[in-house]
Every structure is written in C-alpha cells, then in structure tokens.
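For reference, the structure discussed in these notes is given below.
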Amino acid sequence: MITNSDRQASPLHLSLIEKLNRLHPDTTPMLSFRNPFELLVAVILSAQCTDAKVNEVTPVLFRAFPDPASLGAASLPVVERIIYSTGFYHEKALHIIATAALIHSTYADEVPMGMEELTALPGVGRKTANVVRGQVAGLPGIIVDTHFKRVTRRLGMTEETEPLKIERDLLSWVPETLQYPFSMSANRHGRAYCHARNPRCGECPVQKLCPSG
Ligand code: SF4
C-alpha cells in the first residue's frame, strides 16, 4: 500500500502546480467515454497506444458490446479483431473480457472505486485505477504516465524514475485536493509544451520557474 510520508511541499512546487492547473483546467481524460465502464475499458486499451487510436476503436467496441454483461460474454477473436489496432490486442482482449465479466458478476455492473478492488481486475494497474477513481469519484491520486513522469522530473519535483516511486514521492507532499487535477494538468502540459524531444521551453508559461527550461 502507498501511504503519505512527511516530505514538505516547497512553495516553488506548489506555485508550479497551481500555475499548471490554471493553464490546463480541463481534468477530463482525452479518451472518449460515456460512463465509468467505458472509461475503464478505454484506459486499459490505452496502454502503449495513443488516445486518438483508442477513440477510433471504442465506439465500434461499445456498439457491439455496450455493457459489462455483453463484453464479458464476448468471443475472444471478435474482440481481438475490433481492438487489433491498439496493439497487444490478444492480452488486452483477454483483460477487457475478463474485467467486464467480473464487473457484471461480482459488482452488479458497477465499476468498483476501491483501489484494491480495481487493481484486482485483469489489466488494471494503479495508473488505470487512479484515472477512474479521480474522474468518476473525485478521489485523490497521482497518475504516473509517460507525460507526467517527464514533466515532473524536468520541473525538479522528483528524482525518481520508476512510476511507483514517483507516485509515492509525489503523494507525500502534493495536497490531496490537487493530486488528480495536477495529474491531468501535468499530462496536458507534457503534450502541449514539454515534449519528449524538443520541448517548447521558449513558449512555455512556466519556464521562469522551471530548472530545465
Ligand atoms: S520550461 Fe521546458 S522543460 Fe520546463 S516545463 Fe516548460 S517545456 Fe518543460
């Protein structure tokens, strides 16, 4: 279990978080979804895949299988064909079918919001669980994806490199109310300015506060 430690938040880092949250106020994931079940499946499919590609696939998937019961009973080859272009299609198809079946049979078609329940579902790690918990239930959590990792490291907010350690590090000092909004704003900042290659430091609104800018 990840718990908070006593690391103090620095005024600089809190100021950076507030600026990023003001700059990128939309906290909705860039994946298309109409309900918590669709969000959960879309996040599972987004592993090693762009959101745009997932957004092409999910309307087809949910037209064929609109709820946990139907997706949980779906044929593996049919689901594999639909989600093929998202990559790792065999593993992802197994995961979303098994997860849908469990949500139907164990949780009466409601996506659970507990971290332990969510991460016990096939294909659901802490990142996926934190996205769903934050978006659906407004629960605090730090969502470490490739953009978040790059941005927080460049901003000097963590020296860790492993996602779990980055999550633990940031959880220890980012106030709970800011955790989910900051996860999303850092993600959007990474996409908009702080690119992996050739970051747009000259145009970046937080450049003056950034040790890497
Ligand atoms: S100044 Fe450059 S390195 Fe720093 S956050 Fe902005 S884009 Fe990223």
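For the criterion of being aliphatic (A, V, I, L, M) and within 16 Å of the ligand (Cβ to nearest atom), V174 fails. Those helices (runs of 4 or more DSSP H) of the range 93-196 in which 2 or more residues are β-branched (V, I, T) occupy 126-137, 146-154.
A Cβ distance below 7 Å, combined with a sequence gap of six or more or placement on separate chains, defines the contacts here; from the range 147-173, residues that are not assigned by TED's automatic domain parsing to the domain that holds S183 reach no residue that is more than 16 Å from the ligand (Cβ to nearest atom). Looking across E80, E56, one residue alone is acidic (D, E) and more than 26 Å from D26 (Cβ to Cβ). It is E80. Would you please list the contacts, defined by Cβ atoms under 7 Å and residues six or more apart or on different chains, that run from a residue in the range 184-213 that is in contact (Cβ under 8 Å) with a residue 60 or more places away in the chain to a residue that is among the polar types (S, T, N, Q) and within 8 Å of the ligand (Cβ to nearest atom)? That search, which allows pairs on different chains as well, returns nothing. Closer than 30 Å to S185 by Cβ, free of Cβ contacts under 8 Å to residues at least 60 places away in the same chain and among the polar types (S, T, N, Q): is that true of T119 in this structure? It is true that T119 is closer than 30 Å to S185 by Cβ, free of Cβ contacts under 8 Å to residues at least 60 places away in the same chain and among the polar types (S, T, N, Q).
The values are calculated or read from the model by the stated rules, or taken from the named source; none is laboratory data. What you see is a predicted model; the values in this text were computed from it and never measured. Counting neighbours? That spans all protein chains shown, and the Cβs are built from the backbone with ideal geometry, glycine included.
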